[in-house]
Amino acid sequence: MSGDSLAQAQVIVELAEAELAAFLRSTHVILGCADSLTSGSLWINTMTSLRWPAANHKIFFRAVNILRIARLVSIHVPDRERIQPTGKRPNAKKGADVATGFTSTAA
């Protein structure tokens, strides 16, 4: 393996580690510590099951995150708590921010 190939491989490893770490932090917050370990294993399985691109590895690893998060949400979040396709939560207050659920105090 040449020096350039080794340097590129190191960059890819660092990108993968950063995305996996972000994913694990998210699952830890959402699901708790025990499920984070299982989720990490599933993330790795998802990553290895996909066709790897020749470039744009950051986008690839972000796509792995999105696929795994979508799957976890479909399993763990009840339908009544999901954001509806309209961008509104079913029980959100009028004028509430969709992302946070907080109502703006600005006029």
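The values are calculated or read from the model by the stated rules, or taken from the named source; none is laboratory data. Note that the structure is a prediction, hence the values are computed from the model and not measured. Note that we place each Cβ from the backbone using ideal geometry, even for glycine, and neighbour counts take in every protein chain shown.
Tell me which residues, restricted to the range 41-59, are closer than 17 Å to GLU14 by Cβ and either in contact with a Ser or Thr (Cβ under 9 Å, 6 or more places away or on another chain) or among the hydroxyl-bearing types (Ser, Thr, Tyr) (or both).
Taking the range 41-59 first, the residues closer than 17 Å to GLU14 by Cβ are 43-44, 47, 52-53, 55-59.
Scanning the range 41-59 gives a single hit, TRP43.
Residue check: is TRP43 surrounded by fewer than 16 Cβ atoms within 10 Å (Cβ to Cβ) and among the aromatic types (Phe, Trp, Tyr)? Write out each step before concluding.
Working: surrounded by fewer than 16 Cβ atoms within 10 Å (Cβ to Cβ): no; among the aromatic types (Phe, Trp, Tyr): yes.
Answer is no for this residue.
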Any residue in the range 62-84 that is among the aliphatic types (A, V, I, L, M), under 17 Å from ILE12 (Cα atoms) and modelled with pLDDT of 85 or more?
yes
Output the qualifying pairs, or none if there are none: Cβ atoms under 8 angstrom, residues six or more apart or on different chains, first residue in the range 57-73 and assigned to a helix (DSSP H, G or I), second residue small (Gly, Ala, Ser) and surrounded by fewer than 16 Cβ atoms within 10 Å (Cβ to Cβ).
PHE61/ALA18; ASN65/ALA22
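On the basis of being farther than 17 Å from SER74 by Cα, in a helix (DSSP H, G or I), in contact (Cβ under 8 Å) with a residue 24 or more places away in the chain and of a type outside the set (Val, Ile, Thr), does ALA9 make the cut? Reasoning before the result, please.
Working: farther than 17 Å from SER74 by Cα: yes; in a helix (DSSP H, G or I): yes; in contact (Cβ under 8 Å) with a residue 24 or more places away in the chain: no; of a type outside the set (Val, Ile, Thr): yes.
No.
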